[in-house]
Structure formats: structure tokens, C-alpha cells
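Notes to accompany the following structure.
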Amino acid sequence: MNKKIVFSWDRLTYFLFSLPAVILYSFFFVYAVIVGINYSFTDWNGISKSYNYIGFDNYLSLFKNPNFWQSLEVTGKYALMLVIGVMALSLILALSLNSLKRFKTFTKSVYFLPAMISAVTLSLIWDQMFYRIAPKIGEALNIAALSQSPLASPKYALIAIVLVNIWQAVALPTLIFIAGLQSVPDELYESARIDGASTFKRFRFITMPFLVPTITVNMVLAIKAGVTSFDYAYTLTGGGPIKASNLIGIMIYNDAFQNMKFAMANAESVVLFVIIAVLSFVQIWLSRKGGVNGK
């Protein structure tokens, strides 16, 4: 009887400690989402105390807006390049760092350093590098594409922004990959070496199966980061030139704070929310299917 009473008090204590976090999360996230969805069905301009419900008019106008589809296309390209770059580079770095024998901790810290700097600070630094250093390299190497800042070119602006994003975003996936590599039993590698398996075959048939859950998580996180990206593109180009880097996040910001179309911005945010929800569902589904045993 006493054990039951003590256990109940323990559960009550845990609940009371978690209650402030639950309240704050519910207010700043759950309530905010509900209010945003509600405003997406109105004509609210963000300032007026009164507004009218107009049903799905914002969504109908949004889907008829060619700028919205162009923004989604740019965001899709951005997310695709980010996923490919982050996945490939982080896997290569993880394999290299995991094989180090000396100064492993120090080297990991060096590669993780960019993740500790804010995206706006990094963007301002790279902005100066693109405008001051890139043209000089182009002149020295006689490369026409680098004769001016890539941020001023509609053809290369998005690529330049992705490179900056990759430079910072590769840190965390690399650590996750290293954790996945350290979960591979050394006995499997020893047995494969005894059997005469090459380095490529050991990677293909031993390393990769153990990395499937890690690859799934890193890939979906990279996709979500690409879809929701805002700060790099806004700081470096503001969505230009000629809307070449006009991501969906920038479009939402402009409609809300420049065009004063807060209801429309909320509708765009809801669409983005649905896209992220679908990606999250895919992440959970793939995570359940992933793993060495497929469980």
C-alpha cells in the first residue's frame, strides 16, 4: 500500500515539473498554429481589430498565383541540392573522421564549429567573400562565371546560397553518421577482412545496412531544413535577383510584413505546415521500416 502511495507521489512530482514546459509549448506552438489556421480563412491585414471570414478564398487565390508555384519550385530545387550536398559531404566526413587514430575529438570540434555560429552572421561573412574574393578568383583563373558575385546572377544565386547552407548544415549530420558508424560491430569487419572482402564490399554489405536508419533521419531532416529555409536566402539576396532565390519562407515574410497580407501569409504558412507534416509522416514511416533487421 505504501509503495503505491509513493509511486503516485512520484508520478505527480514528474507531472508538476513537466507542466510549465507543456503550458509554454501549448501556448507558443499549439495555440499559435490554431490561431494561424483560423486567420487563414479571414481577410485580416495584421493591424485591424476586425476582420471578415472569407472561407477558402485565400487558398484559391494562392493556388492561382504563379508566384506561389514559382516559389515552391525554387524551394524544391533548393531542398534537393541541400539534401544531396549535405548527405554526400557529411557521409564522407564521417567516414574520414571515424577512421582517425589521433586528434579525433579536436577534429570533430573543428568541423562542428560552423554549426555554433548564427546563420545571419555566416551569411554576412559569405556575402563579403562572394563580392570581394570570388571575382578576383574568377579573374585569376579566367572563369567567366566568377567574374562577378554569384549572388548577382539569377543562374548561380541559388547555388551560392545552398553552398553557404551546406557549409553550416553538414556538422550535425556528420556527428549522427559517426554515431551510426560506431554502432557497427568490429567483429563483422574482421570476419570480412579474413574472407578477403574489399573495402568497397565491406562498406556496401556491412556499413550501409547499419546506416539505413541514420541515412533516413539525416535525409528527412535535410529536406525539412531545405523546405523551411529562410535566413540564408533573405540575408544574402532577399529573394533575388529576379526572384531566383525567392523561397516560400521569403514569400510568406514579404506578404506578411511588406504587403500587409497577413491572412494570405497565414494561408501560405498552413500549406507549408501541411508539407512539413507529410515529410514528418514519411520520416516516422521510414524510421519504422529502417534498421538492420528491417524492424
| request: Measure off 7 Å from each Cα along the Cα-to-Cβ vector at residue 65 and residue 259, then give the distance between these two points in nanometres to one decimal. | output: 0.3 nm
| field | Projected-area mean, the chain, by convex hull of Cα positions, square nanometres | value | 24.4 nm²
| note | Given a Förster distance of 35 Å, the FRET efficiency implied by the Cβ-Cβ spacing of residue 107 and residue 132, rounded to the nearest 0.05, works out to 0.75
| Using a 1.4 Å probe, what is the accessible area per residue for the chain, in Å²? | 62 Å²
| field | Cut-off under 5 Å, modelled amide H: who pairs with residue 42 long-range | value | 54
| Rotationally averaged projected area of the stretch 136-289 (alpha carbon convex hull; nm²) | 13.2 nm²
| Distance in nm between pseudo-label sites at residue 147 and residue 198 (7 Å out along the Cβ direction from Cα) | 4.5 nm
| query | How far is the Cα center of the stretch 22-36 from the Cα center of the stretch 118-159, in Å? | reply | 40 Å
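Under unit Cβ charges (Lys, Arg +1; Asp, Glu -1), what dipole magnitude, rounded to 20 debye, does the chain have relative to its Cα centre? List each step's numbers first, then the result.
Numbers: 23 positive and 13 negative charges, 156 e Å.
Computed charge dipole of the chain: roughly 740 debye.
How many percent of the accessible area of the chain is carbon or sulfur, using a 1.4 Å probe? The partial results should precede the final answer.
Values: 12360 of 18180 Å².
Taking all protein chains in place, the chain shows 68 percent carbon and sulfur surface.
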| field | Sequence of 186, 255, 195 from largest to smallest accessible area, 1.4 Å probe | value | 195, 186, 255
| message | Compute for the stretch 50-207: radius of gyration divided by Kirkwood radius, i.e. Rg/Rh, restricted to C-alpha atoms, rounded to two decimals. | response | 1.14
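The values are calculated or read from the model by the stated rules, or taken from the named source; none is laboratory data. If you're wondering where the values come from, they're calculated on a predicted model, not measured in any experiment. Note that each Cβ is placed from the backbone with ideal geometry, even for glycine, and that neighbours are counted across all protein chains shown. The area values use the complete protein model at the heavy-atom level, side chains included, leaving out ligands, DNA and RNA. Shrake-Rupley method; radii C 1.70, N 1.55, O 1.52, S 1.80 Å.
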